[in-house]
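Taking it in order: structure first as structure tokens, then the write-up.
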Amino acid sequence: MASGLARKYEINADMGEGFGRWKMGPDEELMPYIDAANIACGYHAGDPSIMLKTVRLCKKHGVKAGAHPGLQDMFGFGRRKIEIDPKDMYAMVLYQVGALKAILNSEGVELSHIKPHGELFFYMQRDETIMRAVLEACATFGDNIPVYASQNATQEAMCRELGIPFQGEVYVDIDYSPEGKLIPVAQSKVATPESCYERALSASLKDEGKDNSGGIFSFGFEGKPFSICVHSDHPTVLQNVTGVRNAVDEANKQRFPNVSK
């Protein structure tokens, strides 16, 4: 089993998404509540000093440190559509993850996982040549480094083909369509701490989610552990993550009572 895969239900959050003196999320306050950090690598957010600071925070709190590569669009926070040649996309992912890997090495911390950010994730779902370019770049960092993504059969199959562990995710602070697909942040309703708790518990104990029309769908995890994402740039993130932490701990006691962190 790849070291970065979830052994029980866990929480991941996007971290280090500031630039210079500008700060996005309350990273220091969030760290005690999460299990895995997705660290911005300088394209949609982040800079060398913030990356180093975030890695040190992960080390201090025993949080898994993963790379969060995105599109080269800091002004749009990596959430705008941009057309990119697959060859360039491959190089961009190598560049971003490689930069974080160097910082991790300097601190004696392992690269735990890779999770594409924002519009890059949706770009991968729209265009399989981009998906392949991103995943081929991820594969160069070793066959024990999982890629995190919302459940989707195409990406899971391509990961398997390339020898990459696939880590399924659930999102509790943005919406899903009736087809069970993620809806971008800008098009989602504002989540409340109560809804985040309920969504996390339902996903963990029932393998179910509720779409933006009120319908119920199955995530398809079939008892396998997964990671729950909490967005650090949401205004109520600290309240959200507190509820999700309670739900995850409650579910782990029932489903994975003998599994340590």
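Observations on the model:
- Residue, surrounded by the most Cβ atoms within 10 Å (Cβ to Cβ), within the range 167-181, restricted to residues that are in a loop (DSSP other than H, G, I, E, B) and more than 15 Å from the chain's Cα centre (by Cα): ASP175
- Summed over the range 67-94, residues that are touching a residue at least 12 places away in the same chain (Cβ under 8 Å) and either in contact with a Lys or Arg (Cβ under 6 Å, 6 or more places away or on another chain) or aromatic (Phe, Trp, Tyr) (or both) total 4.
- Test: residue in the range 133-152 that is part of a helix (DSSP H, G or I), touching a helix residue (DSSP H, G or I) at 6+ places or on another chain (Cβ under 9 Å), under 27 Å from ASN246 (Cβ atoms) and charged (D, E, K, R): no
- Unique match (being of a type in the set (A, V, I, L, M, F, W, C), closer than 19 Å to ASP127 by Cα and either assigned to a helix (DSSP H, G or I) or more than 19 Å from the chain's Cα centre (by Cα) (or both)) among ALA157, ALA203, ALA186: ALA157
- Boolean, ALA45 is surrounded by 22 or more Cβ atoms within 10 Å (Cβ to Cβ), assigned to a strand (DSSP E or B) and at pLDDT 95 or above: no
- Each residue in the range 54-111 was checked for being polar (S, T, N, Q), touching a helix residue (DSSP H, G or I) at 6+ places or on another chain (Cβ under 7 Å) and part of a helix (DSSP H, G or I), and 1 of them qualify.
- Here the condition is being in a helix (DSSP H, G or I) and farther than 30 Å from ALA186 by Cβ; of ASN240, ASN252, ASN246, it holds for ASN252 alone.
- Evaluated against (1) under 26 Å from ILE34 (Cα atoms); (2) buried (at least 19 other Cβ atoms within 10 Å of the Cβ), MET131 falls short on exactly one condition, (1).
- Exactly one residue among ARG126, ARG56 is surrounded by fewer than 20 Cβ atoms within 10 Å (Cβ to Cβ), within 23 Å of PRO26 (Cβ to Cβ) and of a type in the set (D, E, K, R), and that residue is ARG56.
The values are calculated or read from the model by the stated rules, or taken from the named source; none is laboratory data. Because the structure is predicted, anything quoted here is derived from the model rather than measured. Using ideal geometry, Cβ is built from the backbone for each residue, glycine included, and neighbour counts are taken over all protein chains shown.
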